[in-house]
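K.L.:
What follows is a structure written as structure tokens; I'll ask about it next.
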Amino acid sequence: MYINTTENYAGFIGYLTGEIKDLVIKNSYIKGNDNVGCFVGLNNGKISNCILVNTKIEGNNKVGGFTGSSMTSSYISCCN
């Protein structure tokens, strides 16, 4: 996966309110502005049993591996 944008909420899914499970993302590049993560830019849902391998993630604020940012009601479990 290759994402190169100046927009906010960059990731496989920009803003999650549902669920992602059993997903592997590898050999990828994600670049955005704020709230940048490989799986989700801003998480307000559930991420479970996901794997991230050999991926570069860049941004200005709120940048992370799985999610750029997560809401208090979100859930992340068993991810490597």
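The values are calculated or read from the model by the stated rules, or taken from the named source; none is laboratory data. Since this is a predicted model, take the numbers as computed values, not measurements. Reconstructed Cβ throughout: ideal geometry from the backbone, glycine too, with neighbour counts over all protein chains shown. These area figures cover heavy atoms from the full protein model, side chains too; ligands, DNA and RNA do not enter into them. Shrake-Rupley method; radii C 1.70, N 1.55, O 1.52, S 1.80 Å.
K.L.:
Of everything in region 33-64, what is within 14 Å of I3 (Cα to Cα) and not β-branched (V, I, T)? Give them in sequence order.
P.N.:
N33, D34, N35, G37, C38, F39, G41, K56, E58, G59
K.L.:
While we're on this one: When region 17-37 is examined, which residues are found to be open to solvent by less than 10 Å² (accessible area, probe 1.4 Å) and within 21 Å of S73 (Cβ to Cβ)?
P.N.:
Once the filter is applied, which keeps residues that are open to solvent by less than 10 Å² (accessible area, probe 1.4 Å) and within 21 Å of S73 (Cβ to Cβ), region 17-37 yields V36, G37.
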